[in-house]
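Input: a single structure, listed below in structure tokens.
Read-outs: derived from the displayed coordinates by stated rules, not from any lab. Here the structure is a predicted model, which is why all the values come from computation and not from measurement. No Cβ is skipped: glycine too gets one built from the backbone with ideal geometry, and neighbour counts run over all protein chains shown.
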Amino acid sequence: MKKKLSMIFLLLVMALLSVNIYAETTVTVAQNADAKTLDPTASNDVPSHRVTLQIYDNLVDRDHGKLVPGLAES
């Protein structure tokens with residue numbers, strides 16, 4: 001019983017030590033084409049629009065069909 005308990009404890013310690021505390025916080029997104037511009041007012045293609053949605057916040061957002069403040073303050 002003591003040997004079994006020691007083995008479980010050892011496995012638990014090894015599992016805890018193998019956890020990466022400093023995980024990466026980088027997100028990689030693949031697209032089929034490059035963005036032509038990062039200017040949200042000049043984006044007229046899908047890849048540029050997708051990139052600008054990820055970079056810039058909106059003044060207002062929608063929540064269940066209602067407008068709610070984004071960057072705008074009321």
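Here are the numbers:
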| item | result |
| --- | --- |
| Relative contact order of the stretch 2-69, defined on C-alpha pairs under 8 angstrom at six or more residues apart (%) | 15 percent |
| Long-range amide H partners of Lys36 with built H, under 5 Å | Ser48 |
| Gain on full stretching of the segment that runs from Leu71 to Leu53 - 0.36 nm per residue minus C-alpha separation | 5.1 nm |
| In degrees, nearest ten, helix 2-17 long axis to first principal axis of the chain (Cα) | 30 degrees |
| Label corresponding to volume of the Cα convex hull per residue in Å³ when calculated from the structure given, among (i) 28; (ii) 133; (iii) 240 | (iii) |
| Dipole in debye (nearest 20) - the chain, about Cα centre, beta carbon charges: Lys, Arg +1; Asp, Glu -1 | 840 debye |
